[in-house]
Each structure stands twice: as structure tokens, then as C-alpha cells.
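Remarks on the structure that follows.
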Amino acid sequence: MINKETHEEWLDKVYQLRPGYFFSFPKPHEMQIRLKSWGESLIWLRGREGEDWVSHFFSGLDGFHRLRELIQRVPREYHENVFKILAALRPRFLIESTLSTTTRIEKRWQQILGVRATAMEEYQKALAEARVLIFGAGKLGSRFATSLAQWNPQQLMIVDDEKITRNDIEESPAYAFFEVGENRGEALAKTINRMAGRTLAEGVNLSYEDLQGLRERIENSTHVFVAIDRYSPALYDKVNHIALEKKVRWSFLLVDGWDLYVGPTFFPEQSGCYHCLELTKKSDMQKPASYEAFRESLIRGEKAPDLCSPIAADLAAGFLAADAIHLFGLMPQRIEAEASLTIGRQLHVNLRTFDAYFHPMIKKPRCTVCGTV
Ligand SMILES: [Zn+2]
């Protein structure tokens with residue numbers, strides 16, 4: 001029930017739209033609430049022509065003006081209507097607070113959170129606690145790390161033991177101002193820190209052969225991303241084992257020539273593991289033995305060719321970075337596929353045809369890796 005006392009309470013509050021929504025005023029007597037530019041409005045309120053108070057009043061719902069002040073912009077005979085409109089808008093569209101605690105919501109949150117704004121505090125908390133480990137500082141890893149840094153996690157650690165080559169400078173913006181021969185992970189961290197204006201990232205010059213080193217880094221992370229330019233089953237296997245043992249979630253990213261793979265994200269004890277994914281992959285092959293022979297040679301130390309084009313890397317890295325907020329923000333009990341690009345599935349895009357597929361992530365009951373943990 002809305003009554004005079006409620007109105008009196010509201011007058012001392014300030015209101016603003018939840019993140020993601022924005023006002024538009026096509027005419028001074030019209031107000032729209034929108035989530036996007038290219039499409040219909042969610043709310044379209046039209047006063048009579050000449051009633052400029054509509055835009056004057058609603059544009060003041062910006063988190064800085066008390067309702068008591070704003071209502072002065074509305075002719076008295078409409079006050080009752082305005083309270084009714086506010087009552088209708090409040091549950092879905094408005095954040096209510098007292099002036100002293102109101103802060104302007106950061107742009108970076110507005111765009112991605114959209115209708116999930118109610119979970120904003122949860123996301124912010126998760127990011128403030130996120131200690132991210134990224135394997136790879138090549139085309140894929142450098143792009144992914146710089147994108148991910150925009151979320152401003154607590155800490156970003158980049159593991160890479162290669163030196164900057166002429167190719168790195170030509171193919172990855174992060175290295176445009178570095179010299180050939182510098183350590184790649186450290187250079188990438190410098191770029192990110194310069195962008196962030198603080199010590200957000202650290203480059204770790206660590207060989208992927210150093211199991212103890214890998215274990216320590218993974219153990220101290222809340223999330224691991226593997227973004228190597230070359231198909232690297234030996235590293236995937238190692239990360240998979242350690243992540244399962246230490247119960248750390250990790251995500252897979254690969255550009256394999258014309259094929260781009262984003263995800264899945266593995267959740268120890270909940271989702272299947274990388275080995276389950278391999279079993280699924282092989283079960284779809286006509287000649288799994290030919291693949292197995294190649295995979296084994298890679299595990300023995302042969303290097304797969306670098307099939308990652310910088311342009312495909314932009315796409316793949318962008319997709320996973322956009323999903324990262326969902327991976328950090330989700331509490332284990334709320335993990336559900338609809339809330340993320342890479343939970344329970346892998347996005348596969350064929351860049352020749354631009355056909356896109358979702359491969360479901362299936363936990364194999366007879367998996368020798370995650371089934372026995
Ligand atoms: Zn498994």
C-alpha cells in the first residue's frame with residue numbers, strides 16, 4: 001500500500017537507475033527506459049505536449065538529487081501520478097538510497113551487468129578477491145590479460161618463459177614499445193600496470209616443466225586461464241591435475257587455425273575435467289588413433305605449430321574476458337550454464353564459415369582423472 005507516510009519517506013531518498021538501464025527523452029514530455037540503443041524501449045512514458053516536467057523530473061533520478069527537490073519540478077496536480085509511477089518502477093528499475101551513501105555506478109559495471117544489477121555487490125566482492133593466473137603471454141594470452149585487467153581483479157599473474165621476438169612486436173599491441181629479447185611475461189605486466197595505474201599484474205618467468213612452481217602458483221590462485229598460442233596438451237594435463245588437487249577452477253582458450261575454442265571452465269568436483277573433454281572429443285573422431293599418436297608426441301616434448309592468428313586471438317580473448325565476470329562472481333551453489341558462456345559448455349567458432357557451436361561439457365563417469373579424485 002502506498003500512502004502519504006510512504007511518500008514522506010521517499011522524499012528523503014535519492015534514486016537512480018540500476019546499472020545497465022538508461023533514460024532517454026525523445027521529447028521534453030517523453031521518457032523512455034532502455035537497456036540498449038538498437039531496439040525497443042522497456043518503458044515509454046508520454047505526458048501531454050508542452051509538459052516539460054517529464055524530462056526535468058526523470059533526468060534528476062541520477063543518484064544525486066533528493067526526491068524532495070526533484071518533485072518541485074513537477075506541477076502539483078501530477079504529484080500523485082508521479083508517486084504511482086515511482087512505485088511501479090522501483091522494484092525493477094530503481095536503486096534507492098540515502099544521499100550520503102550514493103555513489104555513481106562505474107561505467108564498466110553498467111554495460112555488462114544489465115539486468116543482473118542486483119548481484120553487483122557480489123561481483124565486486126568476488127573481483128576484489130580474485131587472484132588470477134594466466135598461462136601464456138603470446139598473441140592470445142597478452143590480449144586476454146589486457147582485457148581481463150579491465151575488470152580490475154585483485155591480482156593478475158602471468159606465467160610465461162619466452163623472450164620478446166620481432167613477431168611479438170608485430171602481432172601484439174602489448175609489446176609495441178618493448179625491445180626484442182625482453183622477458184615477455186614481465187613486459188606484459190608492465191603494460192597492464194601502466195594501463196591500470198597500479199601494480200595489478202606480475203610477470204612470472206617460469207617454465208611449464210617446473211611442476212612444483214606450477215603447483216605453488218595454481219594453489220595461490222582463485223582462477224586459472226590457459227591461453228597458449230600452440231596446442232599444448234602436456235600443459236593442459238598438468239594444470240588439470242593440479243587444479244583438481246587444489247580445487248581451483250580453470251578455463252581453456254585456444255585458436256587452432258580456423259577453429260576457435262572458448263572454454264569450457266572446469267570446476268573441480270562439479271564439472272567434468274579436461275580429460276573428460278578429451279574423451280568426448282575422441283569419441284567424435286573417426287580415427288582417434290591418429291590424433292592420439294600426435295597428442296602423445298606433443299606430450300613427449302614435440303611442439304605443435306603456432307596456428308593462432310592475431311585477429312582470431314582478438315575474438316577468442318574478447319569472448320573469454322567478457323565471461324570472466326560471471327566466472328568470478330558465481331558462488332558454487334549458483335553455477336548454472338545460462339549464467340555464463342563457458343560453464344558446462346565450450347564455444348566453438350569456425351572462422352571459415354563463421355558457424356558457431358556449443359559443445360556441452362560432459363562429466364565422464366569413467367574418467368580416470370576426475371573420477372578417482
Ligand atoms: Zn574427468
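None of the figures in this text is laboratory data; all of them are computed from the coordinates on show. The model shown is predicted, which means the values in this text are computed figures rather than measured ones. Here the Cβ positions follow ideal geometry from the backbone for every residue, glycine too, while neighbour counts run over all protein chains shown.
Just to confirm the filter: which chymotrypsin sites (Phe, Trp or Tyr not before Pro) across the range 1-84 are DSSP coil and have at most 15 other Cβ within 10 angstrom of their Cβ?
Counting only loop positions with at most 15 other Cβ atoms within 10 Å, the chymotrypsin sites (Phe, Trp or Tyr not before Pro) in the range 1-84 are Trp38.
Nearest 10 degrees is fine. How inclined is helix 79-93 to the longest principal axis of the chain, computing both from alpha carbons? Helix 79-93 sits at roughly 10 degrees to that axis. Its DSSP H runs of at least 4 residues, each contributing -39,500 (n - 2.57), put the calculated 222 nm mean residue ellipticity of the chain at -11500 deg cm²/dmol, to the nearest 500. Relative to the longest principal axis of the Cα atoms of the chain, the long axis of helix 288-299 lies at roughly 90 degrees. Name the residue, out of Gly39, Gly344, Gly263, whose mean-square fluctuation peaks in a Gaussian network model built on the chain with Cα pairs under 10 Å. Residue with maximal mean-square fluctuation among Gly39, Gly344, Gly263: Gly39. Under a straight-distance cross-link criterion of Cα-Cα below 13 Å, which aspartates and glutamates are reachable from Lys363, leaving out those fewer than 8 residues away in the same chain? Cross-link targets: Glu269, Glu278.
The modelled label-to-label distance for the pair Ala304/Tyr78, using points 7 Å beyond Cα in the direction of Cβ, is 6.2 nm.
Counted by neighbouring Cβ atoms within 10 Å, the residues Val74, Val239 run from fewest to most as Val74, Val239. Springs between Cα atoms under 10 Å define the GNM used for the chain, and in it the highest mean-square fluctuation of Asn167, Asn240, Asn183 occurs at Asn167.
Starting from the Cα of Lys163, draw a straight line to each of the lysines and keep only those under 19 Å, dropping any in the same chain fewer than 8 residues away. Leaving aside lysines fewer than 8 places away in the same chain, those within reach of Lys163 are Lys139, Lys190, Lys303. Quick check: residue separation of Gln212 and Phe25 times 0.36 nm, minus the Cα distance between them. What number comes out in nm? Length gained, Gln212 through Phe25: 61.3 nm. Among the GluC sites (Glu not before Pro) in the range 227-327, those placed in a DSSP loop whose Cβ has at most 16 other Cβ atoms within 10 Å are Glu269, Glu302. Highest GNM mean-square fluctuation among Ile158, Ile362, Ile325, for the chain modelled with Cα contacts below 10 Å: Ile362.
If eta is 0.890 mPa s and T is 25 °C, what Stokes-Einstein diffusion coefficient results for the chain, Kirkwood Rh from Cα pairs, in µm²/s?
Details: Rh = 23.4 Å.
For these conditions, the coefficient is 105 µm²/s.
Dipole of the chain computed with +1 at Lys/Arg Cβ and -1 at Asp/Glu Cβ about the Cα centre; of Tyr175, Phe144, Gln212, farthest Cα towards the positive end is Phe144.
Report the antiparallel proportion of the DSSP beta bridges in the chain as a percent, rounded to a multiple of 5.
Working: 31 of 49 bridges.
Bridges in the chain that DSSP calls antiparallel: roughly 65 percent.
For chymotrypsin sites (Phe, Trp or Tyr not before Pro), the sites in the range 143-225 that DSSP calls loop and that have at most 14 other Cβ atoms within 10 Å are Phe177. Projecting label points 7 angstrom from Cα along Cα→Cβ for Glu296 and Glu5 puts them 7.9 nm apart. Each of Arg68 and Asp259 was given a label point 7 Å from its Cα along the Cα-to-Cβ line. The distance between the two points is 6.6 nm.
Just to be sure I follow: if Rg is taken over the C-alpha atoms of the range 4-105 and Rh is the Kirkwood radius over the same atoms, what is Rg/Rh? Write out the running numbers ahead of the final one.
Details: Rg = 13.1 Å, Rh = 13.9 Å.
Ratio value, two decimals: 0.94.
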